[in-house]
Amino acid sequence: MDAASPDQKFRLLGGRIPYVEGPLKVSGRAEYTDDIKRSGMLVGRLLRSPHAHARIRSVDVEAARRLPGVFAVLTGEKYPTQFGVLPITHDETAIAVDRVRYIGDIVAAVAARDELTAERALAAIRIEYEVLPEYNDPRMGVQKVEFPIHSRGLNGTNIQKEVVQHFGDVDAALGTASHFVRVRGRFSGVTHAFTEPLVTIAESTPDGRLTVWSATQVPHYLHRSLSEVLGLPMHRIRVIKPEVGGGFGGKSDPLPHEIACAALALETGRPVKMLFDREDVFLTNHGRHPTENDVRIATDAEGRILAYDIEALIDGGAWSSFGTVTTYYNGVLSMGPYRVPNFRYRGRRVYTNKPPSGAMRAHGGTNIRYSVETALDELSEQLNVDPFALRELNALPPNSTTINQFRITSTSFVKCLHAARQRSGWDAKHRKLPYGHGIGLGCSFYISGSNSPIHFTPKMPQCTVHLKVDMDGGIAVHCMQADIGQGSNTLMAAIVAEVLGVDLERMHVVRVDSDISPIDLGSYSSRVTFMMGNATRKAAESLRDQLVHAAALLTGYPPERLEVGHERISVRHRPDVGVSYLEALHKAMERSGALLATGSYTSPPMGGEFKGARAGTAPAYSFGAYVAEVIVDVETGEYRVPKVWAAFDCGRALNRLAVEGQIEGSIHMGLGQVMGESMNYRGSRLLNPSLLEYKIPMPQQMPEVECLLVGDPDPEGPFGAKEAGEGPLIAILPAVGNALYDAIGVRFTELPITPDRVVRGMEQRAAAGRTWKGA
């Protein structure tokens, strides 16, 4: 039976599989970077700029160096090599060189015997600055400026990246349209707010090697950047990823503090630990970009989409980070889940003197989706058609190609629509609930891994998995994929156990260590399930072939007559004739000892020939349709979301426990962006860099979530699976926004939607003479 058959039965996959590291985590025995102790370890601390934009005229560190207990003080000139996550936009330094670009930019690093001494050393450093003009709004930087934040800005401006794309003929489509809407969206920046703060330990040893332990999502990119900046060959650097307490994209860049910590270890010859407090984490940021977008959608008289015309102005903060990708994604990820025959997009990402923006869960696809789904809700009202019907009319079919040449293989989007509509009781509630009580629909589309690696040389698979099994029958699984709490270690172990027919307890997923882990490109862009899953399956099948060949020698039957069962390999239709897993293993080991197997994955070539054609291409895409219910206190503007119906297409859900957890966590995170999370600034100064002032939803604000997993198996995904890590966040934002409109008749195009904005919206509606549901 084909691996992607919806009728295929599995022993483990498709059920609820507890996380393999769960017992260690709930007992407090899991080892995070902060738990690691090294003999003679020093404390690393960073001095940060008080200015948003300034030249560094002079730095005097002599008093700091003379303090007893201070082992090293570093400034930017020692390691001036620029780096960044994308090789085409290296503009960061571990420590500022010549200029600071935001309040919090690193200007010096110290290593001392304890925290108090380190803080005294920072206080003893004297820096003279020449303050430069401050650019705190991207609109300030779209024209030529006197002092560009980076020399790489476009034509003397602060524009880091501009994307212009046009497919079809948008102007002609607009000219023939029967209906047209325009939504101008405005979105505050939000940050990841992961539980574990950023922390790194580095140790330089007399054998000339450097070992770095860090809370990172992408050990391989950190490995590369350490080599580039420190001038050490990669084989002399060892990167270890302990357990990671959440990332959501905020730990996917190689970060300056990681390199500064390693530099201090090289300088002192001692282990150095750099643990951030929460303000440090906020200043490092790399969160979701503050964005303004302008979305125009036109349809014919029946509601068929004729054209999208989109502009986006994106606040990049001080560095490029993933910004080039961000700029493309804000346009191209608006394409699905609908057919769009004509498409025009202009996106500009602009440097500002704020903490850098970067990748955050559902990177590039979240803000634009809110505006698109809001526009579609308005169109359904113009057309006097149900919002579900409008979306189904325009749904992308399976095995199709978008106008910008995204290859769509599987899609169960229509099934998502049907499930969400039926389970939510939509037809009995939409526009029929009392004033202040509403229901709304939002939909989603996201990549299952980026098809194109960001490093083009050397050419290598996007994921490699090694398996090793010795005479005890335990199976060691090696891969550089980064489990950051999403359950990828469990999935990797379960795939191997499923293919080999053995118990899950035989699996040992080895901690990521660049000395022994084959390269995987890390946990971002929702790539792990699809790419790691396929590589793991291939490795397990290679190992299974070795065991089946050994069983053939023992039974006298040819390999094609044998089948793998639970801890046993037997003759097909003759279950009484066979050998145990251990018997087959020991026979296979007779010639060469421990068995080894390798599997890898490289996505097939795809995309067009135009500039930026690879941006947004993926081997598969997820789809979703969410319905949110809201209840508004019309006196105070406070509102709650009592229930969400989340229909999601992740292909075959290989671990339902993990998928449902990802959906529920995504909804919590998305609600935060809708209801209150915002990085607030006065000029370029961040005003709320703490979890007391940055308003994450409280437990009592979390709705009941009904997860509806309706996806059909994807033909290329591992056992039919697609992503479920980032796409589940997207739909909740517009679902709540559209539900608020149903409740009180007010459209919200600016996030977050706080109670004061709700009250103001109701007042403005009343002042305009518009009634809603009798109010």
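Just a few scattered comments:
- Ranked order, VAL131, VAL26, VAL163 - accessible area, probe 1.4 Å, largest first: VAL26, VAL131, VAL163
- The overall shape of region 492-613 is prolate: from the C-alpha gyration tensor, with semi-axes ordered a ≥ b ≥ c, the ratio a/c is 1.5 or greater and a/b exceeds b/c.
- Mean residue ellipticity, 222 nm, helices only, the chain: the sum of -39500 (n - 2.57) across DSSP H runs of n ≥ 4, divided by residue count and rounded to 500, is -8000 deg cm²/dmol.
- Residues whose amide H falls under 5 Å from that of LEU42, counting only those 5 or more places apart or on a different chain, are VAL272, LYS273, with hydrogens built in the peptide plane.
- Net charge contributed by nearby residues that have their C-beta within less than 12 Å of GLY737 (K/R +1, D/E -1): -2
- Amide proton proximity set for VAL577, modelled H, under 5 Å, gap of 5+: VAL571
- Estimated distance in nm for a label pair at ARG278 and GLU392, the labels positioned 7 Å out from Cα along Cα-to-Cβ: 4.6 nm
- Under Stokes-Einstein, with the Kirkwood radius over Cα pairs as Rh, the value for region 546-636 at 25 °C and 0.890 mPa s is 133 µm²/s.
- Directionally averaged projected area (region 1-127, Cα convex hull): 14.6 nm².
- Cross-link pairs LYS78/LYS161; LYS161/LYS354; LYS37/LYS273; LYS429/LYS643; LYS538/LYS587 - those with Cα-Cα distance over 19 Å: LYS78/LYS161; LYS538/LYS587
- With every protein chain in place, the chain: carbon and sulfur % of accessible area (1.4 Å): 50 percent
- Against the compact-protein benchmark of 2.2 N^0.38 Å, the Cα-based radius of gyration of the chain scales to 0.98.
- Length gained on full extension, THR176 to ILE454, computed as 0.36 nm times the residue gap minus the Cα-Cα distance: 96.0 nm.
- Evaluating 6.51 cos²θ - 1.76 cosθ + 1.60 at θ = phi - 60° for every residue in region 368-379, the Karplus couplings come out as 5, 5, 4, 5, 4, 5, 5, 4, 5, 5, 5, 4 Hz, glycine and proline recorded as x.
- Residue-level accessible surface for ILE744, protein heavy atoms, 1.4 Å, Å²: 0 Å²
- Where a label projected 7 Å from the Cα of GLU381 along Cα→Cβ would reach, residues of region 751-766 with amide N under 19 Å: 751, 753-754, 757-766
- Bridges between two residues of region 121-244, per DSSP, are antiparallel at a rate of about 55%.
- Gain in span if fully extended, LYS78 to GLU31, counting 0.36 nm per residue against the direct Cα distance: 13.6 nm
- Kirkwood Rh, angstrom, region 245-331 [1 / mean 1/r, Cα pairs]: 16.6 Å
- Using θ = phi - 60° and Karplus 6.51 cos²θ - 1.76 cosθ + 1.60, couplings along region 104-109 (whole Hz; Gly, Pro as x): x, 4, 7, 10, 7, 9
- Three-way shape call for region 581-631 based on the alpha-carbon gyration tensor, with the a/c threshold at 1.5: oblate
- Straightening the chain between GLU635 and GLN8 buys 220.3 nm, computed as 0.36 nm per residue apart minus the Cα-Cα spacing.
- A cut-off under 10 angstrom between Cβ atoms defines the neighbours of LEU222, and their net charge, with Lys, Arg +1 and Asp, Glu -1, is +1.
- Here the average projected area of the convex hull drawn through the C-alpha atoms of region 646-775 stands at 11.3 nm².
- Sorting the segments 564-572, 412-420 by their mean number of nearby beta carbons within 10 angstrom, highest to lowest, gives 412-420, 564-572.
- Shape call, region 12-60: gyration tensor on alpha carbons, a/c limit 1.5: oblate
- With protein chains left intact and a 1.4 Å probe, residues in the chain average 36 Å² of accessible area per residue.
- Rh by Kirkwood over Cα pairs, then Stokes-Einstein D for region 44-91 at 1.002 mPa s and 20 °C, µm²/s: 158 µm²/s
- Relative to one another, the C-alpha centroids of region 711-735 and region 639-690 are positioned 16 Å apart.
- The residues neighbouring TYR79, those whose beta-carbon lies less than 13 Å from its own, together hold a net charge of -4 under the Lys/Arg +1, Asp/Glu -1 convention.
- Amide H partners (placed H, <5 Å) of SER603, local residues excluded: GLN462
- Part-to-part distance (alpha-carbon centres) for region 40-89 and region 171-237, which is given in Å: 21 Å
The values are calculated or read from the model by the stated rules, or taken from the named source; none is laboratory data. All figures in this text were calculated on a predicted structure; none of them were measured in a lab. Using ideal geometry, Cβ is built from the backbone for each residue, glycine included, and neighbour counts are taken over all protein chains shown. What goes into the accessible areas is simple: the full protein's heavy atoms, side chains included, and nothing from ligands, DNA or RNA. Shrake-Rupley method; radii C 1.70, N 1.55, O 1.52, S 1.80 Å.
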